[in-house]
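Worksheet: the structure to be examined is printed underneath.
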Amino acid sequence: MGVFVFLPLVLPLTAWPVARLAEQRLHPRTATRLLAAVAGVSAVCSTLCLGLLMIVGTAQLPGNPLPDSWSDPDVRAALPYDEIAGRAAIPALLAVLVSCGAAAWRQVRVRRRVVAALAGLPPTPVAVLPDRTPYAYAVPGGPVRGGARGRGRKTRRPGGEPRGHGRVVVSTGMLAGLAPAERRALFAHERAHLAGRHHRHLLAVHLAARANPFLRPLRTAVSYTAERWADEEAAAEVGSRRSVARAIGKAALLAPRAPAAALPAVTGGDAGPVPRRVAALMRPAPAGRAWPPAGTAVGLAVWCAAFGATVSALSSANSAVTLFLVLRGAASPM
């Protein structure tokens, strides 16, 4: 395995420049997808390498349940500083598994509470809760069932966008504080979260940051770009960037800390850096270029992050194959 097994643990550092530049220079849709993909790949690779290190470290412990051949000197020789790195990987991997498991379980609990709060309400795309506390969020889920258009089928709004990715939940307190145009912008924003499956991107970077602390800047960046993505989609739907900006500002003033901000089980609870979002909506819509020019700062940062993720994948694959061959060779009779 050599030093290649350690590379995926530190290569997420190559994505730090793009985390900031992507917020400013890329279209929010492109930035969200790119950063979520880099974070997911990097987290999987670093966790895999921790697992490989733990195998070598566990095999050194007395009374371990692994085959005796796995503690062969040839196996330990495949890992630099095997006594230190192997044993250190055991608590590190356990901490990653516990952290990610706790985050996933918390998400399940949040989702159950939201479903319980909506129980008994009509299965409409928008659920209005009689609550004076101002909040609004999107709950991802299956298609809305029931109604005159048939059961279990996705319906479409007049604009042609499929309706059935989940529900928009809003309180009467939030609706009371917004003008009609601002309400339309708010609903369009939350529908954009559902249509773009933003909860998946947010969950991916959230778990990735739990798996590797070096990925936390990407989690922060995606939390912002996902909101900006929904802002741009809402502005295109309602046809007024200023209406969306006013809706964002008023909603943030009414509910600076929405109750749904616990985890990305529900989308839209975290308003993000509102002044930056409002300022972005006061400017022209960003260009939808999928990949920035290589000669620009953001282009170089994107290539650097892509290079880091690629090297992480190759290094983890090389380490896994090498360890497999070494273990098989140690287990084979001479």
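Some notes on this structure:
- Hz values of 3J(HN,Hα) by residue in region 131-137 - Karplus curve (6.51, -1.76, 1.60), Gly and Pro given as x: 9, 6, 5, x, 6, 7, 7
- A crude spin-label estimate for the pair Arg200 and Arg276, with each label 7 Å from Cα along the Cβ direction, gives 2.5 nm.
- Potential lengthening between Val10 and Val128 on full extension [0.36 nm per residue; Cα-Cα distance subtracted]: 37.8 nm
- Linear extension gain, Arg113 paired with Trp303, 0.36 nm per residue minus alpha-carbon span: 64.3 nm
- Local net charge near Leu175, Cβ-Cβ under 12 Å (Lys/Arg +1, Asp/Glu -1): +2
Read-outs: derived from the displayed coordinates by stated rules, not from any lab. Predicted model, so just to flag it, every value in this text is computed and none were measured. Every residue, glycine as well, gets a Cβ built from its backbone with ideal geometry; the counts of neighbours run over all protein chains shown.
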